[in-house]
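Shown next, in structure tokens, is the structure this report addresses.
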């Protein structure tokens, strides 16, 4: 930190042609992007007395607040209400026909986004430090950035410490004909004013499954086209199969080992050409959603001008304290290789803060990566899968139990899914878990706490939990090990 400039000064910037043009503003810290790492870092550096500038292209809050977690989970809540109302007779409750007001669903989503976005803006805007600049940044040197301002003009900034937090964007469909067809992505699909007649989704990952189930519950016919042999390629095959079963029970058509080969539109209908098992098929619908991945936004930053390396996919590698190959330049959040989750981005903030502000030793090495896929039932995940454990030649025991054996799930008529936990055979420590169940993310978090506390599985097997609750299922789940212990 000794090299950080503590005073704002102004220098003349000389262009590549040698002509003096913009004035350069020197500052202590420059943060590019206001995601779940960038925004709190801006506040933290400012609170530590560092002159800080935060550059944001459009909205404070990043992907999560504006087009990711907040809006999608808000809409998923609407879908769940529609699902429960249609099932009301199972509970002895009589209702009328279910109709969906998509514009009201959209308005509720927009209102919730605005609530969280405005909260983030109030934290940052209107202050002298950190200073917020709205515009698009690109590097012109290792520690120099030019910002094309949204309000017109440019500003050149120089800082000893620069943090890159520009995230990702949806990947294009990338098949012949896509340029001539209106292709939805994870942002634009949430702005539909009417429920699609038939939504075709290309991609069977987190995004595709969440939107697929949502729009099916809102009344759309849904087809998911996935190139892999099973959904959710990072999960064990039995978990992926259980998820597929849930989706198909909900009336979603799932095509596996199916490659999108082309797309066309005629008379307002969209046709997707699909190659599956050596045969060509055509799927026709009203809308198509590209959900087969995301791409790095680092390509907008002219990183080559700074000498910052990227990997073959355009992401920015870092060391364990999130510093790039250029000293003083850091990368946080989804622009890095690795897991793309809001809570990981926030932990990136804590790593950088500890390293540069608090003088503490904190790294990304060995941290746990929990996540929840907000299908219904939820899929909560922590630690390694069975497949990963066996690839590493670990001696393990696997505990599995269907949710139909859990009293709380049966009583609430939410007994779809299963629990699966991987345990080290020698130490009795939990290595990982996949919980496909009602509130599966919360149950997986309980297992994560046990892992954080280095508890053996027997502590949960023998623990006393409230009845009838979901966590008491640990008694039966781990009870299958009793004769082996």
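Only the coordinates and a few stated rules stand behind these numbers; no lab work does. All figures in this text were calculated on a predicted structure; none of them were measured in a lab. Cβ atoms come from the backbone with ideal geometry, glycine included; neighbour counts cover every protein chain shown.
Below are the figures for this structure:
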{"item": "Rounded tilt (10° steps) of 342-353 against the dominant C-alpha axis of the chain", "result": "40"}
{"item": "Helix-only CD estimate at 222 nm, as mean residue ellipticity for the chain, using -39500 (n - 2.57) per DSSP H run (n ≥ 4)", "result": "-8000 deg cm²/dmol"}
{"item": "Distance between modelled label sites at residue 89 and residue 266, nm, 7 Å Cα→Cβ extension", "result": "4.0"}
{"item": "Within segment 178-292, percent of DSSP bridges classed antiparallel, to nearest 5", "result": "55"}
{"item": "Global geometry of segment 178-292, whether rounded, prolate or oblate, following the gyration tensor of its Cα atoms and the 1.5 cut on a/c", "result": "oblate"}
{"item": "Bridge type composition, the chain - antiparallel percent by DSSP, nearest 5", "result": "65"}
{"item": "Rg(Cα) / (2.2 N^0.38 Å) computed for segment 377-479, rounded to two decimals", "result": "1.01"}
{"item": "Cα gyration tensor shape of segment 59-175, rounded if a/c is under 1.5, else prolate or oblate by comparing a/b with b/c", "result": "prolate"}
{"item": "Label point distance in nm, residue 234-residue 187, each placed 7 Å from Cα along Cα→Cβ", "result": "2.3"}
{"item": "Protection proxy ranking of 223-232, 355-364, 319-328 - average other beta-carbon atoms within 10 Å, highest first", "result": "223-232, 319-328, 355-364"}
